[in-house]
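Read through the structure below, which is laid out as C-alpha cells, and then see the notes.
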Amino acid sequence: MLSASNLEVVYDDVVLALRGVSLNVPDGQIVALLGSNGAGKSTLLRALTGLLDIHDGEITKGRVTLDDVSMNRTPPERIVRKGVRQVLEGRRVFVELNVEENLRVGAHTARAAMATNLERVYDLFPVLADRRSLTAGYLSGGEQQMLAMGRAMMSDPRYLLLDEPTLGLAPLMVENIRDVIVEINQAGTGILLVEQNATMALSVSHHGYVMETGRVVLDKPAAALLKDDDVREFYLGLHPGEDGRKSFRDAKHYRRKKRWSA
C-alpha cells in the first residue's frame, strides 16, 4: 500500500501547505482526490513521488510509506524504480521528439521489457500507434495526455498518480481517458486520481478523499461521496434533491455552509 500518514509539508520554511494529511492507495484500487485549486492536492502528489525538493518544499512531520517502509528521504528516481509513477498536470511531453521516442524515454527503468510495454501502450492508446512517427508537439491536447500516460506506463508501474488528466479536454476525450484509467486499473495498477471532474473521478473510484486548505475534510467510499449532499453541492454543482444544474448561477450560489468547515 502507498500511504501518507499525518503528513505536514512546508514550502520555503514558511508556507504550511499540508496539515496532517493521511491517505491510503491500496494495491489494485482507484482512489479519487478532490479539492479546489490551492487545496494541496499537487503538494501531496509531490510528497508521494519525492518531488518536493525542486519546489523548495519539505516534509516536516509524518511519513510517506510504501508497504510500511518510509520513503520520506527517497530520491525520485528510486521511487520510480519501486513502482510509483506520476503523470504531471499539463502533460509535459517532449515536444521535439516523436511519439515513440517519448515512450522509450519512459522505459529507462524497465529497458528489458521495453518491447512488451510498448506493445501494451499501443493497445491502450491505438491513436499513438497510428502516430508513432509524428512529432509530439503536433499532437492534440488529448493525444498529448494519452502520450504522457503511455510514457508513465512504459515502466509497468505498481501505482500511477494522475494529476488532472482530463483538464481542458473535450467531453469525448474525457470519456476515452476515463475508459483507459479503468482498463489500466483492471490490469492491476493502483491509481491515485486527482481531478476537478468529480463526477468522472468518483464514478471509476473505489474510495475518495476531499481536501481543503491543506487537510483532508472527507474520507469515504466513492459511492458514498457521490451521494453526499456537501459533495453534490460544492463539487458537482447540485443542490440537495436536484438531478442536474438549473443554471450557472445556481451552480455557484451555495445555499448553505459546508458542514466540515462550520
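Every read-out reported here was derived from the displayed coordinates using simple, explicitly stated rules and does not represent laboratory data. Everything quoted here is computed from the prediction, not taken from an experiment. Quick reminder, even Gly has a Cβ in these numbers, built from the backbone with ideal geometry, and neighbours come from all protein chains shown.
What FRET efficiency do you get for residue 108 and residue 227 if R0 is 41 Å and r is their Cβ-Cβ distance, rounded to the nearest 0.05?
0.40
Which net charge results for the neighbourhood of residue 13, defined as the other residues with beta-carbon distances under 10 angstrom from its beta-carbon, given Lys and Arg at +1 and Asp and Glu at -1?
For residues surrounding residue 13, the net value is -3.
Going by how many other Cβ atoms sit within 10 Å of their own, how do 205, 140 line up, fewest first?
140, 205
If you average 1/r over all unlike Cα pairs in region 17-102 and invert the result, what Kirkwood radius do you get in angstrom?
Every distinct Cα pair counted, the radius reaches 14.6 Å.
Report Rg/Rh for the chain, rounded to two decimals, where Rg is the Cα radius of gyration and Rh the Kirkwood radius.
0.97
Grab the chain and count how many Lys pairs have their alpha-carbon atoms under 27 Å apart, sequence gap of 8 or more, or different chains.
Counting lysine pairs in the chain gives 18.
For 65, 189, what's the fewest-to-most ordering of other Cβ within 10 Å of each Cβ?
Listed from fewest to most nearby Cβ atoms, that is 65, 189.
Taking other Cβ within 10 Å of each residue's Cβ, how do 34, 167, 66 sort, fewest first?
The fewest-first ordering by Cβ neighbours comes to 167, 66, 34.
Report the relative contact order of region 2-81, percent, no decimals, based on alpha-carbon pairs under 8 angstrom and at least 6 residues apart.
It rounds to 37 percent for region 2-81.
What list of ³J(HN,Hα) couplings, whole Hz, do you get for region 217-229 from phi and the Karplus terms 6.51, -1.76, 1.60, once you set θ to phi - 60° and write x for glycine and proline?
Values, residue by residue: 10, 9, 8, 8, x, 4, 4, 5, 5, 4, 9, 5, 4 Hz.
Would you work out which of 200, 155, 176 lies farthest towards the positive end of the dipole of the chain? Charges go on Cβ: Lys and Arg +1, Asp and Glu -1.
Farthest along the dipole direction, towards plus: 200.
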